[in-house]
1. Working only within the range 112-136, note down all residues that are of a type in the set (A, V, I, L, M), in contact with a helix residue (DSSP H, G or I) (Cβ under 6 Å, 6 or more places away or on another chain) and free of Cβ contacts under 8 Å to residues at least 60 places away in the same chain.
2. Can you say whether MET121 is part of a helix (DSSP H, G or I) and either more than 15 Å from the chain's Cα centre (by Cα) or closer than 21 Å to ILE27 by Cβ (or both), as far as the supplied structure shows?
3. Filter the range 26-85 down to the residues that are under 19 Å from VAL101 (Cα atoms), in contact with a helix residue (DSSP H, G or I) (Cβ under 6 Å, 6 or more places away or on another chain), part of a helix (DSSP H, G or I) and of a type outside the set (Gly, Ala, Ser) and list them by number.
4. Have a look at PHE149, PHE124 and point out the one that is among the aromatic types (Phe, Trp, Tyr) and loosely packed, with under 12 Cβ neighbours inside 10 Å.
5. Among (1) within 30 Å of ASN35 (Cβ to Cβ); (2) in a helix (DSSP H, G or I), which single condition is ALA112 missing?
6. Kindly check whether there is at least one residue in the range 39-51 that is closer than 19 Å to VAL15 by Cα and among the basic types (Lys, Arg).
7. Could you figure out which of (1) surrounded by 15 or more Cβ atoms within 10 Å (Cβ to Cβ); (2) under 25 Å from MET121 (Cα atoms); (3) over 17 Å from the mean Cα position of the chain (by Cα) isn't true of GLY32?
8. Hey, can you tell me all the residues within the range 97-115 that are closer than 18 Å to CYS51 by Cα and crowded, with 16+ Cβ neighbours inside 10 Å?
Amino acid sequence: MQFVLILHNLVRWAVLFFGLWTLLNGITGYFGKRNYTVNDNRSNLFFMISCDIQLLLGLILYFVNGWSAKLKDLGSNMKDPYVRFFTMEHLVMMLLAWILVHIGRASVKKAATDAGKHKKMLLFFGIAIVLILASIPWPFREAIARPLFRVN
């Protein structure tokens with residue numbers, strides 16, 4: 001499981017890179033009034049794929065490492081910020097972000113105009129990025145801190 005945890009940590013950086021690339025494309029496209037390009041499509045496709053891989057790795061960790069078993073005693077586990085974060089907060093917010101990325105990708109593809117596509121990119125992927133950034137156990141978050149790069 002250590003390998004999956006290291007991989008989950010590394011894929012986080014891909015998710016952030018592709019998410020920020022997508023968001024930047026949305027901002028420059030909407031405010032620059034430019035056409036929706038293959039590059040825009042590619043960025044949000046890679047964002048979605050990296051989120052899918054991250055979800056798969058996260059679910060493996062969640063169920064194999066025993067976080068899901070802690071749901072049986074939810075009342076007492078909610079008092080511990082570390083357990084609460086990894087059993088509920090991280091899971092729920094990341095799932096919401098994953099759902100937003102998929103809905104956003106479908107909405108962007110269905111939008112009739114280039115401006116509409118960029119607007120939907122900003123809306124769905126912007127909220128998803130905020131949720132993702134809030135749900136990462138950054139090293140500065142004392143109760144739930146994890147290293148930026150996991151090597152062992």
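Every number in this text was worked out from the coordinates using simple rules, so none of it is lab data. Because the structure is predicted, anything quoted here is derived from the model rather than measured. Cβ atoms come from the backbone with ideal geometry, glycine included; neighbour counts cover every protein chain shown.
1. Matches in the range 112-136: ILE127, LEU131.
2. Against the criterion (part of a helix (DSSP H, G or I) and either more than 15 Å from the chain's Cα centre (by Cα) or closer than 21 Å to ILE27 by Cβ (or both)), MET121 qualifies.
3. Once the filter is applied, which keeps residues that are under 19 Å from VAL101 (Cα atoms), in contact with a helix residue (DSSP H, G or I) (Cβ under 6 Å, 6 or more places away or on another chain), part of a helix (DSSP H, G or I) and of a type outside the set (Gly, Ala, Ser), the range 26-85 yields TYR30, ASP40, ASN44, PHE46, PHE47, MET48, CYS51, ILE53, GLN54, LEU55, LEU57.
4. Exactly one residue qualifies, and that residue is PHE149.
5. Result: ALA112 passes all but (2).
6. Quick first cut of the range 39-51, residues closer than 19 Å to VAL15 by Cα only: 39-51.
Those left that are additionally among the basic types (Lys, Arg): 42.
Yes, the range 39-51 contains at least one residue that is closer than 19 Å to VAL15 by Cα and among the basic types (Lys, Arg).
7. (1)
8. If the condition is that a residue be closer than 18 Å to CYS51 by Cα and crowded, with 16+ Cβ neighbours inside 10 Å, then ALA97, TRP98, LEU100, VAL101, GLY104, ARG105, SER107, VAL108 are the ones that fit.
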